[in-house]
Amino acid sequence: MRRRLRSAYVSSVISISLVLLLVGVASLLLVNARAVSNYFKEHMEVSVLLKPDVDEAKALEFQSSLDSLRYVRSSRYISKEQGTLELQQMLGEDFLAVFETSPVPISIAVTLKADYVFPDSLEVVRDEIESMKAVDEVSYQQSLIEALNANMGRISLVLGVLTVLLLFISFVLINNTVRLNVFSRRFTIHTMKLVGAKRSFIRAPFLVQAIFQGLFSALIAMALLVGLLYFVRSEFAQLFEIFRMEMLMLVLGIVLVSGVLICVLSTFFVVNRLVSLSKDDLYY
């Protein structure tokens, strides 16, 4: 009998751990949704085209002044030769045939801080940079930025709904696992009730067991999650440029609290129900 109970306990811990692992993966994606959005925003370039009379020395000096602006994350100097080469790669080598000299000006590719990569903010940034003497034009892909902001909002919403759904599924699955585990001891509960034990006294050992069960399951799920992240890091190192790994502690906390809380709540309700059953109901 003890071996059977021990086997059932181990099986329930493993089942709960796998469910909590799914919760951990979904939570990790959710808390890093903003980091993913910021990554793409901060890698979108705004082209600052300088006036034809601006030479290299003035352009480099202007680049330094750009870097000091509150909304600029980084900048990249593009000489006339480099700009011409890039256009040749895009449009073909014959596009300059109609020009006596290269029409490509010196330019600076600017990446902005994520908080400023919104349509309204970009208009303010563009007007401010265009008002500078050395600047001829500021251009960026407005439609792409609007699509990025809209899609990232939808992705965050989907991840949030997915996480809530997984938590609900986790509660149902863990509740069923705990119920089966506790239900196997229903006659012990009935015996305790017959000798006059109060509900709180009957619940106490089961709740303590539930705490340890949730704790062990959460620790296993946390170890599996960390192992999974280590594997992903070794195979897809670029993903870790996007994810904020300091949020991993928050995710591990969510897994731990979810495991203990769901096990305790499920045990509480199941034990209360079993205490209320008559002797005849225990056989069905």
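Overview of values
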{"quantity": "In the range 174-202, residue farthest from Ala35 (Cα to Cα) [restricted to those that are touching a residue at least 24 places away in the same chain (Cβ under 8 Å) and open to solvent by 80 Å² or more (accessible area, probe 1.4 Å)]", "calculated": "Phe187"}
{"quantity": "Given (1) open to solvent by 60 Å² or more (accessible area, probe 1.4 Å); (2) under 20 Å from the mean Cα position of the chain (by Cα), index of the condition Ala33 fails", "calculated": "(1)"}
{"quantity": "Selection within the range 152-163 - under 14 Å from Val31 (Cβ atoms) and either modelled with pLDDT of 80 or more or surrounded by fewer than 17 Cβ atoms within 10 Å (Cβ to Cβ) (or both)", "calculated": "Ile155, Ser156, Gly160, Leu162"}
{"quantity": "Of all residues in the range 114-151 being open to solvent by less than 40 Å² (accessible area, probe 1.4 Å) and polar (S, T, N, Q), the one that is modelled with the lowest pLDDT", "calculated": "Asn149"}
{"quantity": "Test for Phe269: is it part of a loop (DSSP other than H, G, I, E, B) and either at pLDDT below 85 or farther than 24 Å from Ser170 by Cβ (or both)", "calculated": "no"}
{"quantity": "Selection within the range 164-173 - open to solvent by less than 50 Å² (accessible area, probe 1.4 Å) and aromatic (Phe, Trp, Tyr)", "calculated": "none"}
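Listed here are the residues, each with its yes/no results for (1) of a type in the set (Ser, Thr, Tyr); (2) in contact with a Phe, Trp or Tyr (Cβ under 9 Å, 6 or more places away or on another chain); (3) modelled with pLDDT of 85 or more.
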{"residue": "Val48", "(1), (2), (3)": "no, yes, yes"}
{"residue": "Asp55", "(1), (2), (3)": "no, no, no"}
{"residue": "Lys58", "(1), (2), (3)": "no, no, yes"}
{"residue": "Phe62", "(1), (2), (3)": "no, no, yes"}
{"residue": "Asp67", "(1), (2), (3)": "no, no, yes"}
{"residue": "Ser74", "(1), (2), (3)": "yes, no, yes"}
{"residue": "Ile78", "(1), (2), (3)": "no, no, no"}
{"residue": "Gly83", "(1), (2), (3)": "no, no, no"}
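The values are calculated or read from the model by the stated rules, or taken from the named source; none is laboratory data. Computed from a predicted model, the values in this text were never measured in an experiment. Counting neighbours? That spans all protein chains shown, and the Cβs are built from the backbone with ideal geometry, glycine included. Heavy atoms of the whole protein, side chains included, go into the accessibility calculation; ligands, DNA and RNA do not. Shrake-Rupley method; radii C 1.70, N 1.55, O 1.52, S 1.80 Å.
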